[in-house]
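Peer 1: Right, I'll just put the structure down here and ask away after.
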Amino acid sequence: TIKKDTNMATTNSNKLTDTAVKSAKPKDAPYKLSDGGGMYLLIKPNGGKYWHLAYRFNDKQKLLALGVYPEVSLKEARLKRDIAKKQLQDGKDPSEAKKEEKRLSILQAANTFEAIAKEWLEKQKHLADVTQNKSKWLLDFAITGFGKKAITDITAPDVLAVCQLLEKQEKRETARRIKVKCGQVFRYAIQNGLATYNPTQDLKGALQPVITKHQAAITDPVEVGELLRAIAGYKGQFVTLCALKLAPMVFVRPSELRQALWEHIDLDAKEWRYHVSKTNTAHIVPLSRQAVTILKELHALTGRSPYVFPSIRTNSRPMSENTINPALRRLGYTSEQMCGHGFRAMARTLLEEVLGYPYDVIEQQLAHTVRDPNGRAYNRTKHLEQRHKMMQHWSDYLDGLQVDNVVAVKFGGVA
């Protein structure tokens, strides 16, 4: 039986005081000290002191725990009581509201950036170890910076702060890749209903430019769309026009494109198989539906030559190496803006940053040497099915950019 102590000193208004609460001693049986308004302090024989609020909801007597003294002071207990009273006025049950708050708190703890990033990494287990390790290494920077925050609470400045720490160390490329990797995690969260906003979208132009020695390339989606429309309007030789149209779709090295042989192209299988002299490896280029259409049209003109793109002077030699870049100049693009080799950087950037494809799949398609943890180079058929899908997705994306930049810039996500 819990008794009410009527001898404990309180103020004249029958309210408890800090001194009264602090000096309350345990007795043989639990007893309570009232603070009025249904709130009281329960003192147990073991010395524990517990704040409670007695109230009625839907004609039922109920009890709400407000905390343990001294962790929750008299002032804090009264504040909790007032909040509960306001909930009652609004037609809400304080006990149920507390349970919901606890549920959301647990849910929020499970939906931290760190937890979701680790879940995303688990989904990448099918990729090469080198790719998984690189992703984990990059995300560790973000986890250190804001990993404990709920993913819905993370802002663009949170991501930017982590990236800027790397920029101060002159690691601009690492900073850029951290932003990209965080963007992939946020997209995963959005796809799974764990978030509604990707803060990396608001960081365009916020990072310092990466200083590279790469050849000129256009990687901004809107500018790529402008380039594709310019190529479509090219008024020069038809063979050159086809080469310009295919270059962004297949993004091979310029020398490989101009020296392409018909005997290496299988239009039925939608594949171009040849040997890369630079890396001394066999390579497969999956051909999209759009690429096959261009090649079929071109075959009617150059099919009698061994070369897909023969010289304008003779069918026995390939197109001159001084064809693509001068054609780009005729379209109004300077050597500082775009070159034939730049189509590779264009694809490399947008396939990862916009369409979200894995690093090792893109590198494999670029005919770069991608090695496993034992140092062995992957064979040419690695990820072939996924590469077929990626190349079709890429051509569809380019079509979208050419037709409508506003829509196509948002045309992301691995198919």
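The values are calculated or read from the model by the stated rules, or taken from the named source; none is laboratory data. Note that the coordinates shown come from a computational prediction; the quantities given were computed from them, not determined experimentally. All Cβ positions, glycine included, derive from the backbone under ideal geometry; neighbour counts span all protein chains shown. These accessible areas exclude ligands, DNA and RNA; they are computed on the full protein's heavy atoms, side chains included. Shrake-Rupley method; radii C 1.70, N 1.55, O 1.52, S 1.80 Å.
Peer 1: Filter region 360-415 for residues that are open to solvent by 60 Å² or more (accessible area, probe 1.4 Å), within 20 Å of Ala269 (Cβ to Cβ) and either of a type in the set (Ser, Thr, Tyr) or at pLDDT 90 or above (or both) and give the result.
Peer 2: Result: Thr381, Glu385, Lys389.
Peer 1: With the requirement that a residue be on the phi > 0 side of the Ramachandran plot and small (Gly, Ala, Ser), what does region 50-100 give you? Don't jump to the end; show me each part of the working.
Peer 2: First, pick out the residues of region 50-100 that are on the phi > 0 side of the Ramachandran plot: 58-59, 67, 91.
The answer is Gly67, Gly91.
Peer 1: Here's another thing I want to ask about it. For region 140-155, name all the residues that are among the β-branched types (Val, Ile, Thr) and surrounded by fewer than 16 Cβ atoms within 10 Å (Cβ to Cβ).
Peer 2: The answer is Thr144, Thr152, Thr155.
Peer 1: Another question about this same structure. Quickly run through region 34-93 and pick out the residues that are surrounded by fewer than 14 Cβ atoms within 10 Å (Cβ to Cβ), within 46 Å of the chain's Cα centre (by Cα) and not hydrophobic (A, V, I, L, M, F, W, C).
Peer 2: Passing the criteria: Pro70, Glu71, Lys75, Asp82, Lys86, Gln89, Asp90, Gly91.
Peer 1: Scan region 304-349 for residues that are part of a loop (DSSP other than H, G, I, E, B) and open to solvent by less than 40 Å² (accessible area, probe 1.4 Å) and jot them down.
Peer 2: Ser305, Val308, Phe309, Ser311, Thr314, Met319, Thr323, Tyr333, Met338, Cys339, Gly340
Peer 1: State which residue is nearest to Ser73 (Cα to Cα) when the search covers only region 14-60 and only residues that are touching a helix residue (DSSP H, G or I) at 6+ places or on another chain (Cβ under 8 Å), not in a loop (DSSP other than H, G, I, E, B) and not hydrophobic (A, V, I, L, M, F, W, C).
Peer 2: Taking the candidates together, the pick is Asp18.
Peer 1: Just to confirm my filter: which helices (runs of 4 or more DSSP H) fall fully inside region 63-157 and include at least 1 residues that are closer than 30 Å to Thr17 by Cα, among the basic types (Lys, Arg) and touching a residue at least 40 places away in the same chain (Cβ under 8 Å)?
Peer 2: 74-89
Peer 1: Another question, then. Inspect all residues belonging to region 222-231 and state whether any of them is open to solvent by less than 40 Å² (accessible area, probe 1.4 Å) and more than 32 Å from the chain's Cα centre (by Cα).
Peer 2: No: region 222-231 contains no residue that is open to solvent by less than 40 Å² (accessible area, probe 1.4 Å) and more than 32 Å from the chain's Cα centre (by Cα).
Peer 1: Something else now. Can you find, within region 204-263, the residue that is farthest from Pro318 (Cα to Cα) among those that are assigned to a helix (DSSP H, G or I) and β-branched (Val, Ile, Thr)?
Peer 2: Filtering region 204-263 for residues that are assigned to a helix (DSSP H, G or I) and β-branched (Val, Ile, Thr), the one farthest from Pro318 (Cα to Cα) comes out as Val222.
Peer 1: Step by step: first the residues of region 204-218, then only those that are modelled with pLDDT of 90 or more and touching a Lys or Arg at 6+ places or on another chain (Cβ under 9 Å), then the one that is surrounded by the most Cβ atoms within 10 Å (Cβ to Cβ). Which residue is that?
Peer 2: Ala217
Peer 1: Here is a list of conditions, (1) open to solvent by 80 Å² or more (accessible area, probe 1.4 Å); (2) in contact with a helix residue (DSSP H, G or I) (Cβ under 6 Å, 6 or more places away or on another chain), and Asp158 meets all of them except one; can you say which number that is?
Peer 2: (1)
Peer 1: For region 264-303, enumerate the residues that are under 21 Å from Gln386 (Cβ atoms), open to solvent by less than 10 Å² (accessible area, probe 1.4 Å) and polar (S, T, N, Q).
Peer 2: Passing the criteria: only Ser288.
Peer 1: Quick check: is even one residue across region 196-203 in contact with a helix residue (DSSP H, G or I) (Cβ under 9 Å, 6 or more places away or on another chain), open to solvent by 80 Å² or more (accessible area, probe 1.4 Å), assigned to a helix (DSSP H, G or I) and in contact (Cβ under 8 Å) with a residue 60 or more places away in the chain? Talk me through it step by step, then tell me what you get.
Peer 2: Start the filter on region 196-203 by keeping residues that are in contact with a helix residue (DSSP H, G or I) (Cβ under 9 Å, 6 or more places away or on another chain), which leaves 196-203.
Remaining after also requiring open to solvent by 80 Å² or more (accessible area, probe 1.4 Å): 196-197, 201-202.
Adding the requirement that they be assigned to a helix (DSSP H, G or I) leaves 201-202.
Checking the rest, the ones that are also in contact (Cβ under 8 Å) with a residue 60 or more places away in the chain come to none.
The answer is no; no qualifying residue exists.
Peer 1: If you don't mind, there's one more thing I want to ask. Test Arg172 against the stated conditions and say whether it is out of contact with any Asp or Glu (no Cβ under 7 Å at 6 or more places or on another chain) and more than 14 Å from Val354 (Cα to Cα).
Peer 2: The answer is yes for Arg172.
Peer 1: Here are some conditions: (1) more than 20 Å from Gln386 (Cβ to Cβ); (2) open to solvent by less than 80 Å² (accessible area, probe 1.4 Å). Lys134 meets all but one. Which one does it not meet?
Peer 2: Of everything listed in (1) more than 20 Å from Gln386 (Cβ to Cβ); (2) open to solvent by less than 80 Å² (accessible area, probe 1.4 Å), Lys134 misses just condition (1).
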